[in-house]
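Report on the following structure.
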Amino acid sequence: MLTLLRHLLSILLLPFMVVVVVPNWLVTRFAAGDSRWLDGSPVMWLSRSAGVLLGLAGLGLFSWCVGLFAKVGQGTLAPWDPTRNLVAVGPYRFMRNPMISGVALLLIGQALLRGSWAIGIWAGVFVLINHIYFVLFEEPGLEQRFGAPYQVYKTKVPRWVPRLKPGNGKN
């Protein structure tokens with residue numbers, strides 16, 4: 001039960017804020033200047049369909065990663081309650097940050113679904129903030145915690161753009 005609460009707390013404080021609270025605030029705050037799809041236009045239906053597909057893909061990827069953090073990593077997505085084991089399975093065999101990619105897909109999907117430039121810009125800012133955080137803090141911290149296995153993993157698996165052939169750092 002305590003483990004479930006740890007995961008729920010980390011999800012509520014981090015991705016929920018990024019994907020639900022901030023986009024809703026942006027849409028409300030910048031309502032006058034934000035774009036919206038014209039009802040019934042073919043572009044609207046195409047964009048909304050793409051938004052739903054990207055959102056579902058992002059939610060699936062994010063959920064998969066959270067599950068792996070719990071089962072394999074024995075920790076949460078939160079920096080204050082990190083994984084105890086290196087997670088290099090599942091989508092982590094193809095890229096080092098699939099959870100963030102899942103959240104970014106959720107944001108891009110939401111921007112397309114709602115026709116919102118503000119959420120689209122937020123998605124870009126979110127990716128940029130995370131890139132800076134990973135380069136300056138996360139990766140050096142992982143190198144300290146996991147040592148050589150993480151360094152090998154880092155050389156085999158790209159940070160953002162997934163490889164077609166999985167790399168697990170053991171090849």
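Counting beta carbons within 10 Å around each of V20, V87 and listing the fewest first gives the order V20, V87. Partners of K154 within straight-line reach, counting aspartates and glutamates whose Cα lies under 15 Å from its Cα and excluding those fewer than 8 residues away in the same chain: E138, E139, E143. Be a star and scan segment 16-30 for residues whose amide nitrogen sits under 13 Å from the point 7 Å along the Cα-to-Cβ vector of I121. The answer is 26-30, whose backbone nitrogens lie closer than 13 Å to the label point. Using C-alpha pairs below 8 Å separated by at least 6 residues, the relative contact order for segment 50-141 is 33 percent.
For the chain, modelled as a GNM whose springs connect Cα atoms under 10 angstrom apart, the maximal fluctuation among R29, R159, R114 occurs at R29.
With 0.36 nm allotted per residue and the present C-alpha distance subtracted, the S35-W64 stretch has 7.2 nm of extension available. Within the chain, which DSSP H helices have Cα atoms that stretch 30 Å or more along the helix axis and a mean Kyte-Doolittle hydropathy of at least 0.5? Passing helices, by number: 42-71.
Each value in this text was obtained by applying a stated rule to the coordinates, not by laboratory testing. None of the values given here were measured: they were computed from a predicted structure. As a convention, Cβ positions derive from the backbone with ideal geometry for all residues, glycine included, and neighbour counts pool all protein chains shown.
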